[in-house]
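Written below as C-alpha cells is the structure these notes are about.
The values are calculated or read from the model by the stated rules, or taken from the named source; none is laboratory data. For clarity, every value in this text was computed on a predicted model and none was experimentally measured. So basically every Cβ, Gly included, is an ideal-geometry build from the backbone, and we count neighbours across all protein chains shown.
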Amino acid sequence: MSFSRFSGGTETSNNTPDNPIMWPHNFVQATSCGHFIEMNNTRNGQRVRLVHGKTRNYIDMDVKKNTQIKSHKDFIVRADRNGVFEFGKDPESDLMTLTVRGDLRIYVEGDTHYEVEGDFNHRVNGDYKLTVGGNLFNETKSNYSLKSEGGEIRIKSATYKNEGTFYNSHFKTIEQKTDKFHEITQTSGTGTIAVHSEGNTSYNTEGTRYEVTKGNQYNTMFGKVRDTVYGNDKTPISGGNFIGAVDAPQSSSYYRTVTGDVRTDTTGNMDINADGNIDMDASAIYLN
C-alpha cells in the first residue's frame with residue numbers, strides 16, 4: 001500500500017519556535033480530567049509546566065529562566081514564619097510592577113519600614129486620608145513643598161509652632177483671627193520688626209491700645225496728620241498691657257506727660273482754638 005501526500009495548501013517553516021519540542025525529548029503525563037505535567041528536555045526548549053485540568057491554572061518554567069503562575073480566581077500564599085520577596089539585580093534597569101484592579105488592603109500588626117534609595121512618588125486620583133494614633137513626624141534634609149491648587153489648606157491643633165531661620169509668606173489676601181491673645185516677640189536685641197505697605201495701614205481696636213518704647217521713637221509724615229479724640233470713658237480690658245505701661249485713665253480727654261523739653265516747630269501758622277480756658281503754668285513764659 002502506498003500513501004500520497006495531501007496536495008494544495010501552503011507550508012510555513014519555523015526553524016526557531018518559542019518552545020521547540022522534539023520527540024522523544026518531551027514527556028507529558030495527563031489524567032482523565034485534564035491535569036497534566038509537561039517536562040520538555042528538547043535542546044533550547046527545556047520547560048516544565050503543571051496545569052490544572054478544570055480551572056486551567058498553571059505553573060510554567062521555561063528555558064529563558066522565566067516562571068509564570070496563573071490563577072483564574074484566588075491566589076493565597078501563607079507562611080507561619082518569615083517571608084521574603086526579592087526582585088532584580090540591577091536598580092537601573094530591573095523593575096517590579098504591582099497592579100491591583102480593585103481594593104488593596106495591607107494590615108501590619110508590628111512596625112512598617114520603607115527605605116528607598118531613589119525617589120518615592122505617591123499619586124492619588126481620589127481622596128487621601130492619613131490617620132495617626134500617635135505623633136506624626138515629617139523630616140527633610142532639603143526643601144519641603146506643600147501646594148494646593150484651587151483648594152484650601154487647613155491646620156487645626158491645640159498648639160501651633162513654626163520655627164526656622166527664614167520665613168517668607170506671600171498672599172494676595174490674608175486674614176488672621178485670634179480668640180484671645182496675639183503676640184509677636186522679637187528676641188534679638190539687634191533685630192527689627194518692620195511693616196511695609198504700598199497701600200494703607202489700618203488699626204481698629206474695641207479695647208485699649210498700649211505702646212511702650214524704651215528707646216527713641218521717630219515718626220516721619222510726608223502727608224498730613226489729624227488726631228480726633230472724643231474723650232469717652234471706657235474701662236480697659238484686664239490683661240494684655242505691657243509691664244511698665246500706663247494703664248490708669250486720666251480725667252482729661254487728651255493727656256501727655258513729658259520728662260524733659262517739648263519743642264514744636266512749624267513753617268506756617270499755629271492756630272489753637274478752645275471753647276474753654278487755656279491754662280499755662282510755668283516759671284517763665286516768653287512770647288516773641
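Numerical summary
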{"quantity": "Pair list, Cβ < 9 Å and 6+ apart or interchain, from the range 138-162 residues that are assigned to a loop (DSSP other than H, G, I, E, B) to residues that are modelled with pLDDT of 85 or more and among the hydroxyl-bearing types (Ser, Thr, Tyr)", "calculated": "Asn138/Tyr144"}
{"quantity": "Residue within the range 211-224 that is surrounded by 10 or more Cβ atoms within 10 Å (Cβ to Cβ), assigned to a loop (DSSP other than H, G, I, E, B) and touching a Phe, Trp or Tyr at 6+ places or on another chain (Cβ under 9 Å) present", "calculated": "yes"}
{"quantity": "Subset of the range 151-174 that is farther than 29 Å from Asn200 by Cβ and of a type outside the set (Ser, Thr, Tyr) - its residue that is farthest from the chain's Cα centre (by Cα)", "calculated": "Ala158"}
{"quantity": "Unique match (being modelled with pLDDT of 85 or more, loosely packed, with under 10 Cβ neighbours inside 10 Å and among the polar types (S, T, N, Q)) among Thr190, Thr178, Thr235", "calculated": "Thr190"}
{"quantity": "Neighbours by Cβ (under 9 Å, 6+ apart or cross-chain): first from the range 213-235, closer than 30 Å to Thr192 by Cβ; second charged (D, E, K, R)", "calculated": "Gln217/Glu211"}
{"quantity": "Qualifying residue in the range 62-78 (condition: over 30 Å from Arg101 (Cα atoms) and touching a strand residue (DSSP E or B) at 6+ places or on another chain (Cβ under 7 Å))", "calculated": "yes"}
